[in-house]
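The values are calculated or read from the model by the stated rules, or taken from the named source; none is laboratory data. Just so we're clear, the structure is a prediction, and the values are computed from it rather than from any experiment. All Cβ positions, even for glycine, are placed from backbone atoms using ideal geometry, and neighbour counts span all protein chains on display. We work out accessible area using only protein heavy atoms, side chains counted, and drop any ligands, DNA or RNA first. Shrake-Rupley method; radii C 1.70, N 1.55, O 1.52, S 1.80 Å.
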Amino acid sequence: LVLFISMLFLTFLFLFLALFPGAFNCCTKISDEIPKGILRKVEMFEIQKADGLCHLEAVILYIEDRKFCVSPQIRKVRKWMKKNKHRIPQKKSHGRKRRRTKNIKKKEKKQ
């Protein structure tokens with residue numbers, strides 16, 4: 001019986017993770033201030049909406065494998081985001097990727 005309950009729990013856990021992959025990736029706390037000069041170090045950012053799984057609106061700044069959650073109401077952050085729109089990560093396509101092929105030039109044999 002214990003084994004059955006354990007297996008059932010694991011099944012539901014894996015099902016939950018498959019259906020809601022971002023559930024454990026939400027910012028739960030945000031900073032209302034941002035240290036001077038930190039925006040220069042940001043490699044990428046994304047916007048967390050307050051709908052769906054995440055119940056807090058935030059801007060997630062990625063710096064050297066770390067993430068910082070800040071308020072989107074900070075004037076410096078809003079101005080920086082407008083200037084750096086190209087740093088928003090693109091959604092990954094779920095379609096089949098086209099494989100790149102190299103054009104290999106065949107060496108002509110000299111006779």
Cα→Cβ-extended label distance, 7 Å offset, between L56 and T11, nm: 3.5
Region 58-73 - phi-based ³J(HN,Hα) in whole Hz, Karplus 6.51/-1.76/1.60, Gly and Pro as x: 7, 10, 9, 9, 9, 9, 6, 6, 10, 10, 10, 9, 10, 6, x, 7
Gain in length, R75 to F4, computed as 0.36 nm per residue apart minus the alpha-carbon separation, to one decimal in nm? 20.2 nm
Expressed in nm to one decimal, what extension gain is obtained for the pair K29 and K49 from 0.36 nm per residue of sequence separation less their Cα-Cα distance? 5.8 nm
How large, in percent, is the carbon and sulfur part of the accessible surface of region 23-93 at a probe radius of 1.4 Å? 51
Cross-link candidates for K49: which aspartates and glutamates have Cα within less than 17 Å, leaving aside residues fewer than 8 places away along the same chain? D32, E57
